[in-house]
Amino acid sequence: MTELKLKVVGCGDAFGSGGRLNTCFHIQGSAGNFLIDCGASSLPGLKHHGINTNDIDAIVISHFHGDHYGGIPFLLLDAAIYGRAKKIQIISPPGGEQRISTLLDLLYPGTSVLEKLNVEFLEYCAGKVSLVEHFSVEAFEVIHAEKALPHGVRIEIEGKVIAYSGDTSWTDTLMPLSDGADLFICECNFFSTKVTGHMNYLELEKKLPEFSCKRILLTHFDQEMLDRLDRLKPGYLTDGMEIMV
């Protein structure tokens, strides 16, 4: 079975706590490669790590907040300026094409971007498996800002399963989302602070024995979490980390 290589381009929160970049995970397999989320700082992060953005086949978006999809206009602008010919798929909750088109118009008015590219916008919905060229995506509704259409995603590629919670408060949906996954990336924004829409570690810690995934790694830390890394039982992501799945 092929090993997948996951590069953590960014794993920070919306505020860059600890100097971490916004969420962006690059997965490389034998048949292709893709991003999970593409936050506002993703393009410089990808270039910093020597990842050729023209080779990226697809981007999977967990929800419509800038620290999770705000980097897409910059990535597409870069692709248009430098003459990318290869198709790129953008897989998101409903409305991705309109939102990204609007962002491009706001950030770079009068600049032709989408017209120069072969972009295929695909939408997923909870409870269904979406098949794309190199992998499948199953989406699960989670608890975060409702207007951002938050989802966790379960991606199967080359016989491996990577699950990602997106941003969410605790929800029992995380169990089927991560069931048997080779890797489950779980947001845990706070240590003890309780806020609707984000996880806190003390709550998650009680649930850890119930997970059936092979490995769980935490992400999306604020300063409260960064100050308590020595108290965390699971592993956690850091910018630049490379993981074999």
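This table checks each residue for (1) crowded, with 19+ Cβ neighbours inside 10 Å; (2) touching a His at 6+ places or on another chain (Cβ under 6 Å).
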site	(1), (2)
N22	yes, no
F25	yes, no
D37	yes, yes
G50	no, no
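If only residues of segment 5-16 that are out of contact with any His (no Cβ under 9 Å at 6 or more places or on another chain) and surrounded by fewer than 23 Cβ atoms within 10 Å (Cβ to Cβ) are counted, the one that is nearest to F64 (Cα to Cα) is F15.
Condition (residue is of a type outside the set (A, V, I, L, M) and in a loop (DSSP other than H, G, I, E, B)) applied to segment 72-80: is it met by at least one residue? Give the steps one after another, and end with the answer.
Filtering segment 72-80 down to residues of a type outside the set (A, V, I, L, M) leaves 73-74, 78.
The next check asks that each one be in a loop (DSSP other than H, G, I, E, B); those that pass are none.
The answer is no, given that none of the residues of segment 72-80 is of a type outside the set (A, V, I, L, M) and in a loop (DSSP other than H, G, I, E, B).
May I ask you to list the residues in segment 196-226 that are assigned to a loop (DSSP other than H, G, I, E, B), of a type outside the set (S, T, Y) and either without any contact (Cβ under 8 Å) to a residue 24 or more places away in the chain or in contact with an Asp or Glu (Cβ under 6 Å, 6 or more places away or on another chain) (or both)? Working first, answer last.
Of segment 196-226, the ones assigned to a loop (DSSP other than H, G, I, E, B) are 196-199, 211-215, 220, 222.
Then keep just the ones that are of a type outside the set (S, T, Y); that gives 197-199, 211, 213-215, 220, 222.
Hits for segment 196-226 are M199, K214, H220, D222.
Within segment 108-132, the only residue that satisfies the criterion of being surrounded by 13 or more Cβ atoms within 10 Å (Cβ to Cβ), out of contact with any Leu (no Cβ under 8 Å at 6 or more places or on another chain) and assigned to a loop (DSSP other than H, G, I, E, B) is Y124.
Only one of (1) out of contact with any helix residue (DSSP H, G or I) (no Cβ under 8 Å at 6 or more places or on another chain); (2) within 17 Å of V60 (Cα to Cα); (3) in a helix (DSSP H, G or I); (4) not acidic (D, E) is not met by S101, so which one is it? Every condition holds for S101 apart from (1). Taking each residue of segment 87-107 that is crowded, with 20+ Cβ neighbours inside 10 Å and among the β-branched types (V, I, T) and looking for partners that are in a loop (DSSP other than H, G, I, E, B) and at pLDDT 95 or above with beta-carbon atoms closer than 8 Å, six or more apart or interchain, yields I88/I56; I88/D57; I88/L117; I88/N118; I90/I61; I91/I61; I91/Y124. Exactly one residue among G197, G152, G235, G166 is under 30 Å from S30 (Cα atoms), surrounded by fewer than 19 Cβ atoms within 10 Å (Cβ to Cβ) and at pLDDT 95 or above, and that residue is G235.
Inside segment 159-195, can you point out the residues that are under 26 Å from S130 (Cβ atoms), in a loop (DSSP other than H, G, I, E, B) and touching a Phe, Trp or Tyr at 6+ places or on another chain (Cβ under 8 Å)? Matches in segment 159-195: S165, T173.
The values are calculated or read from the model by the stated rules, or taken from the named source; none is laboratory data. This structure is a prediction, so every number in the text was calculated from the model and none was measured. Ideal geometry is used to build each Cβ from the backbone, glycine not excepted, and the neighbour counts take in all protein chains shown.
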